[in-house]
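Reading through the structure tokens given below for one structure.
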Amino acid sequence: MTARTLPSNFGPLRSPSGNARITGPCGDTMEFWIRLDDEIITQCSYTTDGCIHSILCGSAAARLAEGKRLDDACSISQLDVLNTLKGIPDESRHCALLAANTLKAAIDNHQKHLPAGRNGGCASPQKNAPIQKPGIDEGLKTIRERMKRIRHKIIVLSGKGGVGKSTTAVNLAVSLAMAGKQTGLLDTDIHGPSVPRMITARNVEIVSKGENLMPAEVDGIRIMSIGFLLRERDDPVIWRGPMKTSAIRQFLGDVEWGDLDFLIVDAPPGTGDEPLSVCQFIGDADGAVIVSTPQSVAVEAVRKSIVFCRQLHLPVLGVIENMSGFVCPKCGEVTNVFNTGGGEAMAREMGVPFLGRIPLDSSVGISGDEGTPFVRRLAGTPAAQAFTQAAAAILNLDNAKPAPSPETTTPKEKENIMRIAIPTENGKLCPHFGHCEHFAIIETDPKTKTIVRQKEIPAPEHEPGLLPKWLAEKGVRLVIAGGMGQRAQALFREKGIDVKVGAPAESAEALVLAHLKGTLETGDNACDH
């Protein structure tokens, strides 16, 4: 059976007249929403965490209901749904029954809220079926179980469109595959999916196997994109946030990714529904690669992506500066068409790794249009070599040893480590020390003036005198703050913790690196009392 599109009625309605959610005997959950005008169902939509047959049955039931009066919609049966579809296997007939019963339960829910004398009820064997609040807990469990089979999950982000994010994601996946890694590539750009074209997979048909969708496979890379599911190449996807969220959930949970070394997720630009859904559904991603171009307008947008990652506790693996200089096709000389170095300077300021510059090469664009990733086709060019070098940092994840926790640090390591705490809010130093959202606990090596490892933990409930004891128990020896009262500073010193006040509202990493290098500039104590 071939699946070509997610139906247009997939996804919840806003301000519905009635809705219901039912879990079937096989564990699949389906939810229906209806909107009425003078007792005529004008709109009907649904979601399901079930298989492709559940999706098809839900869509068929929703289409049958639209335009009907409530009494007529109540009579829609399992057989009606099956006759509409034609071809559902016998073992999936329960999906049609679940769709019909959930639709009836949504109508019944609407009837229960009608004024007295208008509640006619809905003749249904599922009239008293449980109506639950919408949720994705079961779907999350499925996603997390599937993600356990993937060793590393990398999300490619950018705060701005047009910076070459999809080009980076595709060529990163190809680089990993060329290095012998089992690799998957997920395109979560719902409105502008470009991965199928860039990797010669535009005419691939996605097929179902049991309850799962099988990803396309091109040159050993397993790929999924909504571009595979559109009827025509020019069909727009006109969806609101909840429908996009449901699609991404199914791409992660219903696609048979199998055992992978790396899954590269190409997220659309910005910090909205799609990247947020990906980060929250995966839960334990290794980190994000941030793509920028040298111009200030792009760099400013990308800074927001880094703060986005910090607020979600997603490590930033590094920044790639794309289109950094133009490679002359005749002589090979690199000319800085745009200002260069903006991405590197921003990475240094924000305290995140810089993975390298990718020069602007006309052959890169040609390769993308022709569907042949440039790291494979043009391996000897400066652009391909620069990208391969940037991809090496991702490959190192496969060889890196887990960083030891503070509890397992050896005595010798403890001698060389200094732990610094910084109160943070929205990824930067919080001026209100006792009322911050989080504390960045950063372990440093003063001899090499480097950051060894770091983590961000929620701040405890504010109580007088609590923080000195709490941070001392975590091995902190220095606090960098914007302001702190004299009494509070004395309490920290009693616990053996030094305090440096008057620090600017910068990122925790930038403040610590400046402190280690002796370049941290401090001003007046914002809370000197």
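The values are calculated or read from the model by the stated rules, or taken from the named source; none is laboratory data. Quantities reported herein were computed from a predicted structural model and do not represent experimental measurements. So basically every Cβ, Gly included, is an ideal-geometry build from the backbone, and we count neighbours across all protein chains shown.
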Strands (runs of 3 or more DSSP E) contained in the range 16-116 and holding at least 2 residues farther than 21 Å from Lys209 by Cβ, under 35 Å from the mean Cα position of the chain (by Cα) and at pLDDT 90 or above = 29-37, 40-48
note = Going through (1) farther than 20 Å from Ile417 by Cβ; (2) surrounded by 18 or more Cβ atoms within 10 Å (Cβ to Cβ) one by one, Pro464 fails only at (2)
ask   = In the range 475-507, what count of residues is obtained for those that are assigned to a helix (DSSP H, G or I), buried (at least 16 other Cβ atoms within 10 Å of the Cβ) and of a type in the set (S, T, N, Q)?
value = 1
note = Taking the range 248-265 and keeping residues among the charged types (D, E, K, R) and out of contact with any Phe, Trp or Tyr (no Cβ under 8 Å at 6 or more places or on another chain) leaves Asp254, Glu256, Asp259, Asp261
request  = Determine whether the range 306-328 contains at least one residue that is of a type in the set (Ser, Thr, Tyr), part of a helix (DSSP H, G or I) and at pLDDT below 80.
outcome  = no
task = Please work out if Val512 is free of Cβ contacts under 8 Å to residues at least 24 places away in the same chain, crowded, with 17+ Cβ neighbours inside 10 Å and not small (Gly, Ala, Ser).
result = no
inquiry  = Any residue that is closer than 14 Å to Trp257 by Cβ, hydrophobic (A, V, I, L, M, F, W, C) and modelled with pLDDT under 90 - is there at least one of those in the range 184-206?
reply    = yes
key: Flag for Gln126 being crowded, with 16+ Cβ neighbours inside 10 Å and at pLDDT below 75   = yes
Single residue of Ala490, Ala472 found to be without any contact (Cβ under 8 Å) to a residue 40 or more places away in the chain and under 30 Å from Val352 (Cα atoms) = Ala472
